[in-house]
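Colleague: I'd like to ask some things about the structure below.
Please treat every number below as a calculation from the coordinates, not as lab data. Remember, predicted model here, so these are calculated numbers, not experimental data. Here Cβ is always computed from backbone atoms with ideal geometry, including for glycine, and neighbour counts include all displayed protein chains.
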Amino acid sequence: MKIAVTSMGKEIDSQVDPRFGRAQYIVILDQSGTVLEAVDNSQNLNAMRGAGIQAAKFLADRKVDVLMTGHCGPNAFTTLKAAGIKVVIGQSGTVKEAFDRLNRNEVAFTDKPNVEGHW
Amino acid sequence: MRPMIISVASGKGGTGKTTIATSLATVLGSSAQLLDCDVEEPNCHILMKPVLQTVESITVPVPIVEMDKCTLCGKCGEVCRFSSIVVIGNQVLTFPEMCHGCGGCSLLCPEKAITEGCRELGVIETGLAGPVEFVHGRLRIGEAMSPPLIRAVKAQINPHKLAILDAPPGASCPVIHTVMGSDFIILVTEPTPFGLHDLKIAVEAISHLAIPLGVILNRSDVGDREVHKFCMQMDIPLLAEIPHDRQIAEGYARGNLLVVSAPQYIREFLEIFKKITELINGSKSNLKEALS
């Protein structure tokens, strides 16, 4: 299983970036909590439109199973859902703390976006 | 009179673009065509009271995917810079509201699996306001993309007339799409810190287009002298100063044209047009000199 967490830095102790499409980094971990890669998302960060869709497509290509982030807009959510990626919103603190919450089964997967586009 | 295109823009909203555009078109009479390019909130018609004769719906093409032909190769998604089509797993998702209608996806699809549907942007209406030819666009409520509708309004420019284009406020895409291709740009502002601030932004945005421009100062006897100073520094001609005149304000409040409620300004508007003609000819001869 692969878990993606939106992040403000590349480390497991970096703060969670509440944005999905325009997050600074996306940290991808395996189920043991080891960082597989930390992806610089700056290209998407400056995208004119469709940042959430592109980020979701990227996670689909990387065969990610779960996304943990702060907020998720409607187009991103539609794309994530089509890719079969489960979404956990409302995350804060560090990447590790978010991962631990998932590991301890303390989070629920959302069935809908929680913000409008371009929030 | 030689045909030409004059755009009226401002930066700041509510400075008097529409007031200037409609009165300029009115004094030029049957030589003029007025095109309201502020398609989000067109309001030239309120002052011009045209008799509208035609209505045309304007659409942009959006992709429709025939999944039985699609091989999920993903070329459509790669070419789309607005992410309005994307291949995810065994599905092709489309986001028609984000599509700019370039047609790239259907052109590049090796299987010819993408056909073009359409999304309505709004309508274009044309008619006559007295002797003045009148055109405006009205953006559909809920539609976010105005430039293609503005282009459709501009496609109605009559090459035998003096086309006056009323631009939307601001300094972004809709304004640039309006003023592009003009022979001259009038920037209408007021002598306040707000008018000056937004004028600077408009000048900076428009200067990239290398179109001659001039400023009309509206409500010129309120506020300060900072816009005057800015125009001097930047070598921008001040075409006219229109005072904060009770007669004009009362007429405006009733939805009447400036040159109708205050006819003493007819001469001022003819003078503005004469100055613009001279400035256009001057900039052309300058260009000739520069090239020779």
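Colleague: Across the stretch A:40-52, which residue is farthest from the other protein chains (Cβ to nearest Cβ) among those that are in a helix (DSSP H, G or I) and over 12 Å from the mean Cα position of the chain (by Cα)? Spell out the reasoning first.
Modeller: Here is the first cut: in the stretch A:40-52, the residues in a helix (DSSP H, G or I) are A:42-45, A:51-52.
Filter once more, keeping what is over 12 Å from the mean Cα position of the chain (by Cα): A:42-45, A:51.
Values: A:Ser42: 17, A:Gln43: 12, A:Asn44: 10, A:Leu45: 14, A:Ala51: 8 Å.
Ranking the candidates gives A:Ser42 first.
Colleague: Within the stretch A:62-76, is even one residue within 10 Å of chain B (Cβ to nearest Cβ), among the basic types (Lys, Arg) and touching a strand residue (DSSP E or B) at 6+ places or on another chain (Cβ under 9 Å)?
Modeller: Within the stretch A:62-76, not a single residue is within 10 Å of chain B (Cβ to nearest Cβ), among the basic types (Lys, Arg) and touching a strand residue (DSSP E or B) at 6+ places or on another chain (Cβ under 9 Å).
Colleague: Further question: Return yes when A:Ala76 is crowded, with 24+ Cβ neighbours inside 10 Å, on the phi < 0 side of the Ramachandran plot and not aromatic (Phe, Trp, Tyr) and no when it is not. Before the answer, list the steps.
Modeller: Numbers: crowded, with 24+ Cβ neighbours inside 10 Å: yes; on the phi < 0 side of the Ramachandran plot: yes; not aromatic (Phe, Trp, Tyr): yes.
Spelling it out, A:Ala76 is indeed crowded, with 24+ Cβ neighbours inside 10 Å, on the phi < 0 side of the Ramachandran plot and not aromatic (Phe, Trp, Tyr).
Colleague: Residues of the stretch B:76-96 being surrounded by fewer than 22 Cβ atoms within 10 Å (Cβ to Cβ) and either more than 9 Å from every other protein chain (Cβ to nearest Cβ) or out of contact with any Lys or Arg (no Cβ under 9 Å at 6 or more places or on another chain) (or both), which ones?
Modeller: Once the filter is applied, which keeps residues that are surrounded by fewer than 22 Cβ atoms within 10 Å (Cβ to Cβ) and either more than 9 Å from every other protein chain (Cβ to nearest Cβ) or out of contact with any Lys or Arg (no Cβ under 9 Å at 6 or more places or on another chain) (or both), the stretch B:76-96 yields B:Glu78, B:Val79, B:Gly89, B:Asn90, B:Gln91, B:Thr94, B:Pro96.
Colleague: When the residues of the stretch B:49-81 are filtered to those that are assigned to a loop (DSSP other than H, G, I, E, B) and of a type in the set (Asp, Glu), which remaining residue is nearest to the chain's Cα centre (by Cα)? Write out each step before concluding.
Modeller: Here is the first cut: in the stretch B:49-81, the ones assigned to a loop (DSSP other than H, G, I, E, B) are B:49-50, B:66-74, B:80-81.
Then keep just the ones that are of a type in the set (Asp, Glu); that gives B:66, B:68.
Working: B:Glu66: 38, B:Asp68: 43 Å.
Going through the qualifying residues, I end up with B:Glu66.
Colleague: Conditions: (1) within 13 Å of chain B (Cβ to nearest Cβ); (2) assigned to a loop (DSSP other than H, G, I, E, B); (3) out of contact with any Lys or Arg (no Cβ under 8 Å at 6 or more places or on another chain); (4) charged (D, E, K, R). A:Lys81 meets all but one. Number of the miss?
Modeller: Status for A:Lys81: all satisfied but (2).
Colleague: In the stretch B:224-280, what residues are of a type in the set (S, T, N, Q) and assigned to a helix (DSSP H, G or I)?
Modeller: Result: B:Gln233, B:Gln247, B:Ser261, B:Gln264, B:Thr277.
Colleague: Right, here's the next one. Given the options A:Glu116, A:Glu106, A:Glu37, name the one that is among the acidic types (Asp, Glu), over 19 Å from B:Gln91 (Cα atoms), under 14 Å from the mean Cα position of the chain (by Cα) and surrounded by fewer than 19 Cβ atoms within 10 Å (Cβ to Cβ). Spell out the reasoning first.
Modeller: On the way: A:Glu116 fails: under 14 Å from the mean Cα position of the chain (by Cα); A:Glu106 fails: under 14 Å from the mean Cα position of the chain (by Cα).
So the residue among A:Glu116, A:Glu106, A:Glu37 that is among the acidic types (Asp, Glu), over 19 Å from B:Gln91 (Cα atoms), under 14 Å from the mean Cα position of the chain (by Cα) and surrounded by fewer than 19 Cβ atoms within 10 Å (Cβ to Cβ) is A:Glu37.
Colleague: Just name the residue that is nearest to the other protein chains (Cβ to nearest Cβ) out of those in the stretch A:86-97 that are part of a loop (DSSP other than H, G, I, E, B) and touching a residue at least 60 places away in the same chain (Cβ under 8 Å). Before the answer, list the steps.
Modeller: The first filter runs over the stretch A:86-97 and keeps only residues part of a loop (DSSP other than H, G, I, E, B), leaving A:89-93.
Next cut, touching a residue at least 60 places away in the same chain (Cβ under 8 Å) only: A:91-93.
Working: A:Gln91: 23, A:Ser92: 27, A:Gly93: 30 Å.
Taking the candidates together, the pick is A:Gln91.
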